[in-house]
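Student: First, the structure itself, so that you have it in front of you.
Taken together, the values in this text are just the output of simple stated rules run on the coordinates, not laboratory data. Model, not experiment: these values are computed from the prediction. Here the Cβ positions follow ideal geometry from the backbone for every residue, glycine too, while neighbour counts run over all protein chains shown.
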Amino acid sequence: MKQNIALLTGGFSGEAVISYKSVITINNNLNRELFNVYIIDIKKDGWWYDMPDGRKVEIDKNDFSLHLDNQKIIFDAVFIGMHGTPGEDGKLQGYFDILKIPYTGCDAATSSLTFNKRYAVAVAGMAGIAVANSILLIKKNFKSPDEIVKSLKFPVFIKPNNGGSSIGMSKVNEPSDELGLAIEKAFKEDDQVLVEEMISGREFTVGVFKSEGEIIVLPLTEVSAHSDKDFFDFEAKYHGKSDEVTPAIVDESIAEKIRDAAGKVYTVFNCGGVVRIDFIYNEADGKPYMLEVNTVPGQSEASIIPQQVRAMGWDLQEFYTKLIQECLVKIQ
């Protein structure tokens, strides 16, 4: 008997546009011999299923069910394809935990923790994972950039503390008026802003997932922004302003250090499903520095996780089936 899968997209943040791209790939690669798939678009004005005949049917949030004509659809599992709030920050995960509905990805606690970049690097640092020096600015308590100038070495990155996709991110090379403008830009996206010292080196990103209880590290991707981009921002990620090499061309000794760090991060944060972890490898220190953990990584055809899955020799249908099967095991 086929299982009913709710495939979530949308969201309440600017990252919804990325969610709609991801859900196309996921939907096209879910095995219809195993699953009945219902795409649920979660917006501030409601949670909707678009019928093939054009009707919009709202989800019953009391039990996350769907009433189609005279039929009540109960979902066996939820595939979370939503970036940003409320699908990546633990809010929906907590809701599904209460309803005892299994879902792909990390649990509520891990999702909430990793969504907060400052808390994530603090936990990683305490676990012995290399991270950059940083400070957290709280909007209601922030007075001036002086504390940054005194505390950190430049260049620094300024970015919203909660969220992903590098929206609102800036690089500031030296103390100047540009620092205040960058902070103001980031505060437009979030009430908390992370200021982080730049680590020089090569940027790598790697997907990690669990299948049948085994942690599997996908092939590495090396990421570099085009010469007209100073760093890997939103435009570089999604508007073709970066180069991505999968699998990365890198010495095995370096690759092994990054894979080991990625597996350790996955374990330390008690991750589930597939996550993507970003690193900078600093040649002088001979070690990878963790930048952040993305618990709902992009799944568009051009996204890094699909690249890495194919580089491993799998197809996406097999991969997504494994993710759903793993989340079903967790609830048993």
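Student: Percent relative contact order of the chain, based on C-alpha pairs within less than 8 angstrom and at least six residues apart?
Tutor: For the chain, the relative contact order is 19 percent.
Student: Ok, one more. As a test of the formula, what do you get for the chain when each DSSP H run with n ≥ 4 contributes -39,500 (n - 2.57) and the sum is divided by the residue count, at 222 nm and rounded to the nearest 500 deg cm²/dmol? The partial results should precede the final answer.
Tutor: Working: 10 runs with 104 residues, N = 332.
Mean residue ellipticity at 222 nm (helix-derived): -9500 deg cm²/dmol.
Student: Still on this structure, please answer the following. Determine, for TYR281, TYR95, the number of other Cβ atoms within 10 Å of each Cβ, and report the residues in order from fewest to most. Mind showing how you got there, number by number?
Tutor: On the way: TYR281 25, TYR95 16.
Going from sparsest to densest Cβ surroundings: TYR95, TYR281.
Student: Which of (1) 1.09; (2) 0.94; (3) 1.01 is the computed Cα Rg over 2.2 N^0.38 Å for the structure on display?
Tutor: The listed entry that was calculated here is (3).
Student: List the residues whose amide H sits under 5 Å from the amide H of TRP47, counting only those 5 or more places along or on another chain, with H placed 1.01 Å from N in the peptide plane.
Tutor: For TRP47, whose amide H was placed from the backbone, the distant partners under 5 Å are ILE59.
Student: What dipole magnitude, in Debye to the nearest 20, does the range 245-313 give about its Cα centre under +1 on Lys/Arg Cβ and -1 on Asp/Glu Cβ?
Tutor: Computed charge dipole of the range 245-313: roughly 220 debye.
Student: Loop by DSSP (not H, G, I, E, B), at most 11 other beta-carbon atoms within 10 Å: where is the longest site-free stretch of the chain for GluC sites (Glu not before Pro)? Numbers along the way, then the final one.
Tutor: On the way: sites that count: GLU33, GLU212, GLU283.
Longest stretch, sites excluded: 34-211.
Student: Which lysines, if any, have their Cα less than 18 Å from the Cα of LYS257, not counting same-chain residues under 8 positions apart?
Tutor: By straight Cα distance, LYS257 reaches LYS287.
Student: While we're on this one: Efficiency by 1/(1 + (r/R0)^6): what FRET value for ILE215 and ASP251, r their Cβ-Cβ distance, R0 = 30 Å, to the nearest 0.05?
Tutor: Working from the Cβ atoms, E equals 0.85.
Student: Based only on the alpha carbon positions, what is the Kirkwood hydrodynamic radius of the range 3-104, in angstrom? Before the final figure, lay out each step's value.
Tutor: Details: mean 1/r = 0.0728 Å⁻¹.
13.7 Å is the Kirkwood radius here.
Student: Taking 0.36 nm per intervening residue step and subtracting the Cα-Cα distance, what contour gain separates LYS72 from ASN36 on full extension?
Tutor: Stretched out fully, the LYS72 to ASN36 stretch lengthens by 11.6 nm.
Student: Oh, and also: What is the total of Lys pairs in the range 134-197 with C-alpha atoms under 19 Å apart, excluding same-chain pairs fewer than 8 positions apart?
Tutor: The result is 18.
Student: Among ILE304, ILE42, which comes first, second and so on when ranked by fewest other beta-carbon atoms within 10 Å?
Tutor: ILE42, ILE304
Student: When only Cα pairs under 8 Å and 6 or more residues apart are kept, what is the percent relative contact order across the range 254-294? Intermediate results must be reported in sequence, preceding the final value.
Tutor: Numbers: 37 pairs, mean separation 15.6, N = 41.
Worked out over the range 254-294, it gives 38 percent.
Student: In sequence order, what are the phi-derived ³J(HN,Hα) couplings for the range 247-254 according to the Karplus relation 6.51 cos²θ - 1.76 cosθ + 1.60 with θ = phi - 60°, rounded to whole Hz, with x for glycine and proline?
Tutor: Along the range 247-254, the couplings run x, 5, 8, 8, 4, 4, 5, 6 Hz.
Student: Next question. Counting only residues 5 or more places away or on other chains, whose amide H sits under 5 Å from the amide H of SER65 once H atoms are built in the peptide plane?
Tutor: The list, which skips near neighbours in sequence, is ASP60.
Student: Using a Gaussian network model of the chain with C-alpha springs under 10 Å, which one of LYS171, LYS210, LYS100 is most mobile by mean-square fluctuation?
Tutor: Result for the chain, Cα springs under 10 Å: LYS100 fluctuates most.
Student: Assuming a ≥ b ≥ c are the square roots of the Cα gyration tensor eigenvalues, decide whether the range 37-97 counts as rounded (a/c under 1.5), prolate (otherwise, with a/b larger than b/c) or oblate.
Tutor: Since a/c reaches 1.5 and a/b is larger than b/c, the shape of the range 37-97 is classed as prolate.
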